[in-house]
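> Let me give you the structure first, and then I'll get to my questions.
Bear in mind these aren't lab numbers, they're just calculated from the coordinates by the rules spelled out. Everything quoted here is computed from the prediction, not taken from an experiment. For neighbour counting, all protein chains shown are included, and Cβ atoms are generated from backbone atoms with ideal geometry for every residue, glycine included.
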Amino acid sequence: MNFILDNWYLIVLALASGAMLLLPAVKGAAGGLSAAQAVQLINREKAVVIDVCEPAEFAAGHVGGAKNIPLAQLQERLPQVAKNKAVPVIMVCAKGGRAARAVGIAKGLGYDKAQTLAGGLAAWREASMPVEKA
């Protein structure tokens, strides 16, 4: 017991360094899916990919098989496009900002498995994944 009282600062230092080591893992879990994780989710669980970009951006390039629902129309159109709320939904936009807002909307509609593609279409392209053009 004397050791703990005499060296409390070492214990605090060890806990703080442990927290710093775990922080990137926690941020990564909340930051969305990598391109490889998204592909696995699409292939294994038949995830639906929703691109929340505007139609002109969608036409310029999008994830293969993605359905376009602009962010402003997401609340009205998502239940028509993704009827099964148990299936994972992957939200994509150009860089990830709009997709993060889209996940909030989707979860509010009951799509508990909604996630973002971290880094958006830019990260998808960087991972050398196929991009379709309309």
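> Using DSSP, restrict attention to beta bridges with both residues in the chain and report what percent are antiparallel, rounded to the nearest 5.
On the way: 2 of 12 bridges.
Just about 15 percent of them are antiparallel.
> Work out which helices of the chain, taken as complete DSSP H runs, extend at least 27 Å along their axis over the Cα atoms and score a mean Kyte-Doolittle of 1.0 or more, then list them.
Values: long enough: 8-30 (32 Å, 1.70).
Span-like helices in the chain: 8-30.
> Kirkwood hydrodynamic radius (Cα pairs, Å) of the stretch 30-75? Intermediate results must be reported in sequence, preceding the final value.
Details: mean 1/r = 0.0864 Å⁻¹.
The Cα-based Kirkwood calculation yields 11.6 Å.
> Follow-up question, since we're still on this one. Per the Kirkwood treatment, what hydrodynamic radius in Å, one decimal, follows for the stretch 32-134 from the mean inverse distance over all distinct Cα pairs?
13.0 Å
> Exceeding 21 Å between C-alpha atoms, which entries from my cross-link table qualify? They are LYS46/LYS95; LYS46/LYS83; LYS85/LYS133; LYS83/LYS113; LYS113/LYS133.
Values: LYS46/LYS95 23 Å; LYS46/LYS83 13 Å; LYS85/LYS133 28 Å; LYS83/LYS113 13 Å; LYS113/LYS133 27 Å.
With Cα atoms farther than 21 Å apart: LYS46/LYS95; LYS85/LYS133; LYS113/LYS133.
> Per DSSP H run of at least 4 residues, take -39500 (n - 2.57); add these up for the chain, divide by its residues and hand me the 222 nm value, nearest 500 deg cm²/dmol. Before the final figure, lay out each step's value.
On the way: 7 runs with 72 residues, N = 134.
Only helices count here, giving -16000 deg cm²/dmol.
> Another question, then. Compute a Gaussian network model of the chain, connecting alpha carbons closer than 10 Å, and tell me which residue from ALA86, ALA118, ALA100 fluctuates the most.
ALA86
> May I ask you to order 2-15, 57-70 by the average number of other C-beta atoms within 10 Å around their residues, highest value first? Please list the in-between numbers first.
Working: 2-15: 9.6, 57-70: 17.6.
Per-residue Cβ counts within 10 Å, averaged per peptide and sorted highest first, yield 57-70, 2-15.
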